[in-house]
Amino acid sequence: MKTIGININVSKDPDGSIMESVLNAIYEEDRNVNVKIFENSEGLENEATALLEALIVLGGDGTILGAARKIARYSVPILGINIGHLGFLTEVDSSEAREAIKKLLRQEFHTEERAMLSCSFESQGEVKNYNALNEVVISKGTLVKIIKYDVFVDNDFYGTFVSDGVLVSTATGSTAYNLSCGGPFVYPTMDAMILSPICPHSMNMRSMVLGNKVSIDVDLNKNSENVFLTLDGQEWMELDKVKKVRITASPDKCKLIRLDGSNYFKVLRKKITFRTKEGEGEEYENSETR
C-alpha cells in the first residue's frame, strides 16, 4: 500500500500529538508510503481522493459519518481509529492504533460494504440529492405541535405518521437514532432500510424493515409548520415549500476496513447493549462459537 490518506478531527487532537504518533507508526513500517492529510473531512470530496488506497479516520463515529458521505463515491476503504467518545463504527481504539496500522500496510484486512441512503427533493425548480450512512430524518422545528406525514412505499400509500418526524435508517444506523426511536437492531451488512416514526402520537405506529430496492416518499403537502431534513445528525436544511422527499438506497457504498480478528458482537456488547453493565458477557469474550 503506497498511497493513503489520514482524516483527523482536529478538535480531538489540539496539540497534534495523535497525528504525529500515527505518522511515526506508518513510516516505521514503510518509509515509502505517500500520506495525504485532511482536517475535519475538508477536501475529501475532490476527485484526487479517488487515488487513495485507504483512508485512516482519526475521531469518533461522527468523523467517520462525515468522511463517508464525501468519500463513498470513490470506493476508498476507511480504517476508523477511535479518539472520540463512543466509537461504534471505528475499528480500533487509539491504544491499538500502531498494531492496526501495521496490519493495514501489510494488507491483513478485509473490507465490509455498508449500504447508504440517497434522498432527493425539488426546491425552487431544482432537484437536490444527498447521501447518508446512518439515517435521514424529516422532523418538525422547535414548535411543540406534532405534524402529519403521509408515507408511501413504492408509490403505495402506507399510512399517515402523526409524530414529531419520520426516520429512515440503514442497517448501519440501526444502532444510532433508530435505536432511540424503538427500532430494531439490524445486522450491519444487510441491504435494508428501517422506516420509523419519531415520538408517534399513536402507540400502534411501529418501525418497519424494508428491502433496499424500494422507494420511500414522505409527502409534506399538509404541513404548514417548518420541517427540516437532517443527514446523519450532522447536516440539516429547512424544507421550505418542499412537497415531497424521496429516500432510496444509494448507488454508493461505504467500505469499512475490518482487521483480522474483528468481532461485531463483541463490539455490540461492549459499546451498545451492555454499555451500562460493565463486564457482562465477558465469559464469552474468547469464544469463537457458541
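The values are calculated or read from the model by the stated rules, or taken from the named source; none is laboratory data. Since the structure is predicted, the reported quantities are computational estimates derived from the model, not experimental observations. Neighbour counts are summed over all protein chains in view; Cβ atoms, including those assigned to glycine, are modelled from backbone coordinates with ideal geometry.
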| remark: Selection from segment 125-136 of residues free of Cβ contacts under 8 Å to residues at least 12 places away in the same chain and of a type in the set (S, T, N, Q) yields Asn129
| message | Can you tell me which residue is surrounded by the most Cβ atoms within 10 Å (Cβ to Cβ) among those in segment 194-211 that are of a type in the set (Ser, Thr, Tyr) and in contact with a Gly (Cβ under 7 Å, 6 or more places away or on another chain)? | response | Ser196
| said: Restricting to segment 67-91, count the residues that are crowded, with 24+ Cβ neighbours inside 10 Å and either in contact with a Gly (Cβ under 8 Å, 6 or more places away or on another chain) or of a type in the set (Val, Ile, Thr) (or both). | reply: 8
| query | Restricted to segment 233-262, and to residues that are farther than 30 Å from Val153 by Cβ and surrounded by 13 or more Cβ atoms within 10 Å (Cβ to Cβ), which residue is modelled with the lowest pLDDT? | reply | Ser262
| query | Within segment 43-59, is there a residue that is in contact with a Pro (Cβ under 6 Å, 6 or more places away or on another chain) and over 21 Å from Gly173 (Cα atoms)? | reply | yes
| message | Against the condition outside the structural domain of Leu65 (by TED's automatic domain parsing), over 24 Å from the mean Cα position of the chain (by Cα), surrounded by fewer than 14 Cβ atoms within 10 Å (Cβ to Cβ) and over 30 Å from Val57 (Cα atoms), how does Lys148 come out, does it pass? | response | no
| field | Unmet requirement for Val209, which otherwise passes all of (1) in a strand (DSSP E or B); (2) of a type in the set (A, V, I, L, M); (3) under 16 Å from the mean Cα position of the chain (by Cα) | value | (3)
| request: Test Ile64 against the stated conditions and say whether it is buried (at least 21 other Cβ atoms within 10 Å of the Cβ), within 23 Å of Arg31 (Cα to Cα) and in contact with a strand residue (DSSP E or B) (Cβ under 6 Å, 6 or more places away or on another chain). | output: no
| Just one of Ser118, Ser94, Ser139 is of a type in the set (Gly, Ala, Ser), surrounded by fewer than 19 Cβ atoms within 10 Å (Cβ to Cβ) and either farther than 17 Å from Ala25 by Cα or touching a residue at least 60 places away in the same chain (Cβ under 8 Å) (or both); which is it? | Ser118
| query | Among the candidates Leu268, Leu220, which residue alone is within 20 Å of Gly165 (Cβ to Cβ), buried (at least 16 other Cβ atoms within 10 Å of the Cβ) and not hydroxyl-bearing (Ser, Thr, Tyr)? | reply | Leu220
| note | In the set Lys145, Lys140, Lys128, the lone residue that is touching a Gly at 6+ places or on another chain (Cβ under 9 Å) and of a type in the set (D, E, K, R) is Lys140
| Just wondering, is there one or more residues in segment 151-170 that are surrounded by fewer than 14 Cβ atoms within 10 Å (Cβ to Cβ), among the aliphatic types (A, V, I, L, M) and under 24 Å from the mean Cα position of the chain (by Cα)? | no
